[in-house]
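Input: a single structure, listed below in structure tokens.
The values are calculated or read from the model by the stated rules, or taken from the named source; none is laboratory data. Fair warning: this is a prediction, and the values are worked out from it, not measured in the lab. Counting neighbours? That spans all protein chains shown, and the Cβs are built from the backbone with ideal geometry, glycine included. Remember, those area values only see protein heavy atoms, side chains included, never the ligands or the DNA or RNA. Shrake-Rupley method; radii C 1.70, N 1.55, O 1.52, S 1.80 Å.
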Amino acid sequence: MRTIRIGLLGLGQIGTGLYEILTAKKALFERQLGVSFEVARIAEKFPNRKRKIHPPKSIMTRDAFEVVRDPSVDVVVELIGGTTFAREIIKTALKEGKHVVTANKALLAEYGDEIFELAHKMRRWICFE
């Protein structure tokens, strides 16, 4: 079975919910999709903040670039918001050969043409909600 390794950027409300879903429904996804999802790395600005989930400390970092440059990560999920830093991190992820999922509508509104053009050039996907 193929495993898709996810690099999660941001562990706020949406990032926490995504982590919970991917871990709690792992067997269901494997059964229904024939694919295993693994949260391989998480970048979080405040990793010691009290939260209801407890990812392994070994996958946590404060450095988002460390996550997007990790060769074991297949897909980067950007949930940090804003446009400046998020734009740079997404461009780096695409250049590193990663597919990207984002919930960042402001980023796509302002820099969508540039990001989609780079994704096309790198033959990678940009997915958004």
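Being charged (D, E, K, R) and part of a loop (DSSP other than H, G, I, E, B) is the filter; apply it to the range 73-106 and report the residue that is most open to solvent (accessible area, probe 1.4 Å).
Residues of the range 73-106 that are charged (D, E, K, R), as a first pass: 74, 78, 87-88, 91, 95-96, 98, 105.
If we keep only those that are part of a loop (DSSP other than H, G, I, E, B) as well, we get 74, 96, 98.
On the way: ASP74: 49, GLU96: 85, LYS98: 9 Å².
The qualifying residue most open to solvent (accessible area, probe 1.4 Å) is GLU96.
Return the residues of the range 1-36 that are within 12 Å of the chain's Cα centre (by Cα) and either charged (D, E, K, R) or in a strand (DSSP E or B) (or both); say none if nothing qualifies.
The answer is ILE4, ARG5, ILE6, GLY7, LEU8, LEU9.
When residues of the range 37-52 are filtered for being more than 18 Å from ASP63 (Cβ to Cβ), modelled with pLDDT under 95 and surrounded by 11 or more Cβ atoms within 10 Å (Cβ to Cβ), how many remain? Talk me through it step by step, then tell me what you get.
So in the range 37-52, the residues more than 18 Å from ASP63 (Cβ to Cβ) come out as 37-38, 50-52.
Right, trim to modelled with pLDDT under 95 and you get 50-52.
Checking which are surrounded by 11 or more Cβ atoms within 10 Å (Cβ to Cβ) leaves us with 51.
Number of matching residues: 1.
Using the structure shown, decide if ALA109 is surrounded by 13 or more Cβ atoms within 10 Å (Cβ to Cβ) and small (Gly, Ala, Ser). Outline the logic, then answer.
Values: surrounded by 13 or more Cβ atoms within 10 Å (Cβ to Cβ): no; small (Gly, Ala, Ser): yes.
No.
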